[in-house]
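The values are calculated or read from the model by the stated rules, or taken from the named source; none is laboratory data. Since the model is a prediction, treat every value here as computed from it, not as a measurement. Cβ coordinates were reconstructed from backbone atoms using ideal geometry, including for glycine residues, and neighbour counts include every protein chain displayed. Calculation scope for accessible area: heavy atoms of the full protein, side chains included, ligands and nucleic acids excluded. Shrake-Rupley method; radii C 1.70, N 1.55, O 1.52, S 1.80 Å.
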Amino acid sequence: MSLTEARETRSPMTRGAARFRHEALFYAGAEQFVRRTARYVREALDAGEAVLVAVIEPRAKLLREELGQDADDVEFLDIERVGRNPARIIPAWQDWVERDDARRDSRPRGLRAVGEPVWAGRSGAEIRECRKHEQLLGTAFAAGPPWSLLCAYDIEALPIDVVAAAHREHLAEPGLSAEDILVDPLPDLGPPLRELRFGLGDLPRLRADIRERAAELGLGERRVADFVLVADELAANSVRHGGGGGVLRLWRQGSHAICEVHDRGVITDPMVGRRRPDFARQLGGAGLWTANLLCDLLLIRSAEGHGTSVRAHLALGPGE
């Protein structure tokens, strides 16, 4: 099927086991989006299914207007807020699926959702992470209650290569390994503002050093605490799991302050940082989870012989 033929097409492919159905909707403009998603949502409501729509607010507004009173039976999430960092999208779906599953009575109830992981204005780095998100959905929901997810892509607003990649991803089979997800290199950012080798005893100095460089990084008071916490979590993670220490690098790139931690460890779980830690069963394990909650973008790369690099982007606040 060509992209021209897909102008208003819902890809019929199902990724993962039958418990999780993952489809794509390629549409051209707001009118097609509203018509197709309203039909999809009403089919779900007529079947007694729970519905969640996680799209950008302009699309959500139009869909609510089209649905009228039916919109009262639909849960909406602003994907620009919840999913600015693509690694937070799967946890949002998990929270909804688990919450609804816990509320069910003895009668089976279906779950159906509409998502919009990529919208016009996403950076190239964000789009690459959205691709990883899409590739991991089958792994994330291989078990658990059955549900269906329709991912919407506007072929008028998005670059043709982004749409083509989304089409390929929704045709691909699940079962990706950490190597498939985590090996591609990080973009070259040039010489860092600061490079610091650290071990366990250096963590207080690392935190103080970042605070001292807040102005160089463009960080105002509102964001410096988050940035220090993220850097500290990543560095502590390297001390615990990456051979006892690593290297911290700092940059300012446009409207973002960036920190990267590299160590000798290797990550083997492609879902790392995307699962809510179960503190009732384990201690620790929250470093990358915490970083994902605070960051606007978190890039994780790991491979045998190369170690692990984790790069955190935090947007500067207004006036910073």
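Does A214 satisfy being of a type in the set (G, A, S), over 16 Å from A286 (Cβ atoms) and surrounded by 13 or more Cβ atoms within 10 Å (Cβ to Cβ)? So A214 passes the test. Close contacts from segment 154-165, counting a first residue that is under 13 Å from E134 (Cα atoms) and a second that is part of a helix (DSSP H, G or I) and of a type in the set (V, I, T), with Cβ to Cβ under 8 Å and a gap of 6+ residues or different chains, come to V162/I127.
Counting only residues that are among the small types (G, A, S), under 20 Å from L297 (Cβ atoms), surrounded by fewer than 21 Cβ atoms within 10 Å (Cβ to Cβ) and in contact with a strand residue (DSSP E or B) (Cβ under 7 Å, 6 or more places away or on another chain), segment 225-251 holds 0 of them. Taking the conditions (1) modelled with pLDDT of 95 or more; (2) under 30 Å from G305 (Cβ atoms); (3) open to solvent by 10 Å² or more (accessible area, probe 1.4 Å); (4) of a type in the set (A, V, I, L, M) in turn, A208 satisfies each one other than (2). Looking across segment 238-259, the residues that are within 21 Å of the chain's Cα centre (by Cα) and closer than 21 Å to G307 by Cα come down to I258, C259.
Can you say whether A172 is part of a loop (DSSP other than H, G, I, E, B), open to solvent by less than 50 Å² (accessible area, probe 1.4 Å), of a type in the set (A, V, I, L, M, F, W, C) and modelled with pLDDT under 95, as far as the supplied structure shows?
Details: part of a loop (DSSP other than H, G, I, E, B): yes; open to solvent by less than 50 Å² (accessible area, probe 1.4 Å): yes; of a type in the set (A, V, I, L, M, F, W, C): yes; modelled with pLDDT under 95: yes.
So A172 passes the test.
The number of residues in segment 22-43 that are in contact (Cβ under 8 Å) with a residue 60 or more places away in the chain and either on the phi > 0 side of the Ramachandran plot or of a type in the set (G, A, S) (or both) comes to 3.
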